[in-house]
1. Identify all residues within region 120-142 that are exposed (fewer than 14 other Cβ atoms within 10 Å of the Cβ) and within 16 Å of the chain's Cα centre (by Cα); write none if there are none.
2. Just need a number here: residues in region 9-49 that are out of contact with any Leu (no Cβ under 9 Å at 6 or more places or on another chain) and farther than 26 Å from Val125 by Cα.
3. Tell me which residues, restricted to region 142-171, are of a type in the set (Asp, Glu) and at pLDDT below 75.
4. For Leu80, are the conditions met, namely being at pLDDT 85 or above, in contact with a strand residue (DSSP E or B) (Cβ under 7 Å, 6 or more places away or on another chain) and within 18 Å of Ile17 (Cβ to Cβ)?
5. Which of the residues belonging to region 44-74 are of a type in the set (D, E, K, R) and either under 22 Å from Glu149 (Cα atoms) or out of contact with any strand residue (DSSP E or B) (no Cβ under 8 Å at 6 or more places or on another chain) (or both)?
6. Of the conditions (1) loosely packed, with under 14 Cβ neighbours inside 10 Å; (2) among the hydroxyl-bearing types (Ser, Thr, Tyr); (3) touching a residue at least 24 places away in the same chain (Cβ under 8 Å); (4) part of a strand (DSSP E or B), Ser41 clears all except one; give me its number.
Amino acid sequence: MRLLFDEITGKTDRYSIHDSHWFPSAREYSVIAATATFSVSRQDHETVFLKGEIQGRCKVVCDRCGESYEENLQSAFVYLATTREEDTVTVAEQECSDEDALILYLTEPIIEVDEILREQALLAVPQKNVCSEDCEGICAGCGVVLKKEPCRCEPDIRNSPFAVLKKMKNL
């Protein structure tokens with residue numbers, strides 16, 4: 001979806017997108033459902049205020065056990081889109097203020113809404129996918145999923161620090 005900068009007025013316009021065409025596709029997850037709602041209004045002749053929220057569900061794979069599960073996603077966002085030129089500083093490193101992080105400098109007078117929604121969706125997807133806090137993962141020895149069945153490995157008591165006590169018991 002594209003919004004032409006010049007067609008945005010001072011009146012708040014609200015939009016809803018109920019399909020997931022804007023949701024990024026990746027190998028790590030698949031989208032089940034996604035919706036986006038946002039509103040736009042002009043602040044001045046060079047700046048537009050954009051506020052919205054995305055909600056969705058995706059199927060992801062647990063990083064510990066390898067089982068798939070569904071994850072709820074939600075993200076709220078605010079941008080100030082402007083046609084002004086960005087003040088560039090020649091210094092290699094510069095601290096970015098919170099307000100500067102909200103400004104979207106446009107090279108053309110068009111707001112690419114799908115791009116903004118895609119970015120917000122990527123920020124909403126967790127970096128570490130864990131199906132539950134108590135997920136124990138997979139046994140490195142026998143390969144069973146520990147939340148489904150117990151480990152089948154035989155305990156190796158020879159390398160245990162308590163193996164000496166076993167010998168003392170036999171004396």
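1. Leu122, Leu123, Pro126, Gln127, Lys128
2. Selection size over region 9-49: 8.
3. Asp156
4. Against the criterion (at pLDDT 85 or above, in contact with a strand residue (DSSP E or B) (Cβ under 7 Å, 6 or more places away or on another chain) and within 18 Å of Ile17 (Cβ to Cβ)), Leu80 does not qualify.
5. Once the filter is applied, which keeps residues that are of a type in the set (D, E, K, R) and either under 22 Å from Glu149 (Cα atoms) or out of contact with any strand residue (DSSP E or B) (no Cβ under 8 Å at 6 or more places or on another chain) (or both), region 44-74 yields Asp44, Asp63, Arg64, Glu67, Glu70.
6. Among (1) loosely packed, with under 14 Cβ neighbours inside 10 Å; (2) among the hydroxyl-bearing types (Ser, Thr, Tyr); (3) touching a residue at least 24 places away in the same chain (Cβ under 8 Å); (4) part of a strand (DSSP E or B), Ser41 violates only (1).
A quick yes/no check of all residues on (1) at pLDDT 85 or above; (2) in a loop (DSSP other than H, G, I, E, B):
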{"site": "Arg57", "(1), (2)": "yes, no"}
{"site": "Glu70", "(1), (2)": "yes, no"}
{"site": "Glu85", "(1), (2)": "no, yes"}
{"site": "Leu104", "(1), (2)": "no, no"}
{"site": "Ile111", "(1), (2)": "yes, no"}
{"site": "Glu115", "(1), (2)": "yes, no"}
{"site": "Pro126", "(1), (2)": "no, yes"}
{"site": "Ser132", "(1), (2)": "yes, yes"}
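The values are calculated or read from the model by the stated rules, or taken from the named source; none is laboratory data. These numbers come from a predicted model, not from an experiment. FYI the Cβ positions are ideal-geometry reconstructions off the backbone, even for glycines, and counts take in every protein chain you see.
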